[in-house]
Each structure stands twice: as structure tokens, then as C-alpha cells.
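**Student:** There's a structure below that I have some questions on.
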Amino acid sequence: MTDTLSTPAVDTTATTATDDRMLVIRNLHVVPTADPTREILRGIDLEVRQGEVHAIMGRNGSGKTTLAYALMGHPAYQVTQGQVIWKGRDILALSPDKRSRLGLFLAFQYPTAIPGLSVASFLRTALNARMRPLDQKIDPAYDPSDMTRGGIKMGEYRKLLREKMALLKLDEAFAGRYVNEGFSGGEKKRLEMLQMAVLQPEMAILDETDSGLDIDALRIVAEGVNAQLSPDLGVLLITHYQRLLNYIKPDVVHVLAAGRIVATGGRDLALRLEEEGYAPILRETGLEDDVGDEQEAPEPAEHDSGH
């Protein structure tokens with residue numbers, strides 16, 4: 001995938017100065033690459049600062065996953081208008097790996113299994129790729145997948161991995177398993193949290209981390225997120241249900257419907273959604289009650305046990 005796939009086709013305005021600790025989304029419009037006539041996001045405006053937790057709530061098909069994928073440059077989605085400013089750059093002009101190297105991270109709703117690749121090897125390769133300077137030319141002597149050709153030294157990596165696994169209360173045997181192969185839903189999400197801990201992003205996008213989890217697995221995964229919260233980490237937490245917010249306390253709650261942010265508030269807004277559902281807020285904003293029933297994510301849904 002090249003850098004140009006996620007470049008906006010319409011908006012070419014210059015980037016203005018912004019706070020380097022804030023992710024700024026301006027007038028973001030997104031369509032599916034497979035059907036450019038169907039607009040999913042219709043002008044998202046959002047600001048998330050490091051040290052803050054923002055929850056995005058909305059019905060299925062409201063555009064939540066589309067937002068997550070567009071921010072990271074997923075090829076299934078095309079940005080047609082708008083800007084996403086992070087550390088003084090409009091990241092829409094960057095490939096997904098460069099967005100990651102700038103400190104962005106995406107936890108998937110449906111993580112993929114990679115048979116034959118151990119968790120330890122996968123994470124070391126990802127960390128080496130993440131650590132490479134953003135504007136550095138490709139060095140033939142450096143290979144993030146080869147422990148003898150640059151990157152973090154094995155002794156340092158083993159120490160780091162043990163520290164992060166202890167932080168998340170994971171058994172060390174977990175590192176020897178193949179990535180997501182035979183994992184329960186809860187184990188897949190815990191591996192996403194371990195990836196976040198090892199890569200140490202500055203802005204994390206968590207796409208329906210609670211999807212498919214029972215209450216015990218949900219609590220464990222939420223503890224993994226809470227253990228990593230700090231003034232240097234911003235979190236955009238995407239969820240369908242208020243129950244996750246019982247464990248991860250958001251600073252701000254946004255409601256996404258019909259491709260736009262239609263309401264913003266504190267935790268009381270999430271509690272209202274839990275009590276009343278989305279219909280009253282949609283009516284207050286002039287939308288129909290049935291808005292948000294289209295499928296938006298390219299991955300098939302899974303139904304794993306959460307423990």
C-alpha cells in the first residue's frame with residue numbers, strides 16, 4: 001500500500017499550527033473504497049488530547065469502525081475531504097506504518113490469527129518497525145524481523161516483554177503461543193492490550209474492545225487499558241454499550257450517528273444512553289430512530305467465548 005491511497009481527493013488546504021499533544025479531526029468525510037458513492041462519515045470534527053479518554057458511542061453502522069480505520073489508513077476506506085492533524089502533520093498523506101511510527105495505535109475489533117508466528121517474535125518485529133525514525137530512508141542493513149540486523153537487542157526486549165506481561169497479569173507462556181491461533185475472544189483482546197503496552201503509543205484508538213466478551217473478560221481487558229493510562233497517552237474508545245465505561249472512565253463521551261457527532265457530554269451522557277437508548281437523542285437532533293443499521297466493517301463478525 002502506498003502513501004497516496006489514503007490521501008484526501010478534495011481538501012488540499014494547508015495545515016495550520018496545532019497543539020502537538022492533540023489529535024485534531026476536521027470535517028472528515030469517508031467513503032468505502034468499493035462503493036465511493038456511499039458516504040459513511042459526513043463531516044467529523046473531534047479533538048482528543050494526550051492524557052484524555054474520549055468514548056465514541058453509536059449504533060451498529062453509525063460509522064464508528066469506519067472512523068477508526070480511516071484514522072489508521074485502512075485501504076477499504078477512502079477519505080474524500082477533511083484533515084487529521086497529529087504532531088503538526090496531516091497524517092492522511094502518510095501510510096499506515098508511518099502513522100504508527102508517529103505514535104498512533106489501533107486495537108482491532110476482530111484481530112487476525114497468524115499461525116506459525118509466535119507472540120514474542122511478532123511483537124519484537126512490530127516494535128523494531130515502530131522505533132524506526134519516520135523520515136529515515138530504508139537501510140538495507142536494518143531488518144525489523146531479523147534479530148541480527150538492527151533493532152532492540154534481545155536481552156533488552158525480553159526484559160521489556162516480561163515487564164509488560166507482568167503489568168497486564170499475563171502468564172509468560174502466552175509469549176510462546178502463535179498469534180491469536182486458538183485464542184478465545186478475551187485472549188485476543190488481551191493480546192491487543194499487550195501490543196499497545198509494548199509499542200507504547202501516544203494516541204490509541206480502541207475499536208469495540210468489548211465486542212464478544214463476557215463480563216469477566218471485559219473486566220480483565222479494561223484493567224489492561226487502565227494500567228496503561230497516563231498523561232502521555234490519549235485514548236479514543238469506540239464502543240456500542242455503556243458497560244465498558246463502567247470500567248474505563250471517559251473524560252468525554254460523543255454520540256456518532258448518520259456519519260456525524262450529534263451529541264457530546266460527560267459520563268452522564270453514556271448513562272442516559274444506557275437508560276433510554278439512542279432514539280431520544282436521535283430525535284432531538286432531527287434524525288430518524290432507525291439511523292445506523294448498515295454494515296460498515298469489512299471483517300466478518302466472530303463469536304468467541306470471552307474466557
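**Student:** So, in nm, how far is label Asp268 from label Lys153 when the simple model puts each one 7 Å beyond its Cα toward the Cβ?
**Tutor:** 5.6
**Student:** Could you tell me the relative contact order of the stretch 140-282? Use alpha-carbon pairs under 8 Å, at least six residues apart, and round to a whole percent.
**Tutor:** 16
**Student:** Taking Cα centroids, how far is the stretch 194-232 from the stretch 33-51 in Å?
**Tutor:** Cα centres, the stretch 194-232 to the stretch 33-51: 23 Å.
**Student:** What is the percent carbon and sulfur in the accessible area of the stretch 156-266, measuring with a 1.4 Å probe over the protein chains and ignoring ligands?
**Tutor:** Carbon with sulfur: 48 percent of the solvent-accessible area.
**Student:** Using a 1.4 Å probe on the protein chains only, how many percent of the accessible area of the stretch 35-118 belongs to carbon and sulfur?
**Tutor:** 48
**Student:** Here's another thing I want to ask about it. Is there a pair in Lys87/Lys164; Lys64/Lys249; Lys189/Lys249 whose C-alpha atoms are over 21 Å apart, and which pairs would that be?
**Tutor:** Among Lys87/Lys164; Lys64/Lys249; Lys189/Lys249, the Cα-Cα distance tops 21 Å for Lys87/Lys164.
**Student:** Once the mean 1/r over all distinct Cα pairs of the stretch 41-120 is inverted, what Kirkwood radius in angstroms do you read off?
**Tutor:** Its Kirkwood hydrodynamic radius stands at 14.5 Å.
**Student:** If you consider only alpha-carbon coordinates, what radius of gyration and Dmax does the stretch 188-255 have, in Å?
**Tutor:** According to the Cα coordinates of the stretch 188-255, Rg and Dmax are 11.2, 31 Å.
The values are calculated or read from the model by the stated rules, or taken from the named source; none is laboratory data. The model shown is predicted, which means the values in this text are computed figures rather than measured ones. Positions of Cβ are generated from backbone atoms using ideal geometry, with glycine treated the same way; all protein chains shown enter the neighbour counts. These area figures cover heavy atoms from the full protein model, side chains too; ligands, DNA and RNA do not enter into them. Shrake-Rupley method; radii C 1.70, N 1.55, O 1.52, S 1.80 Å.
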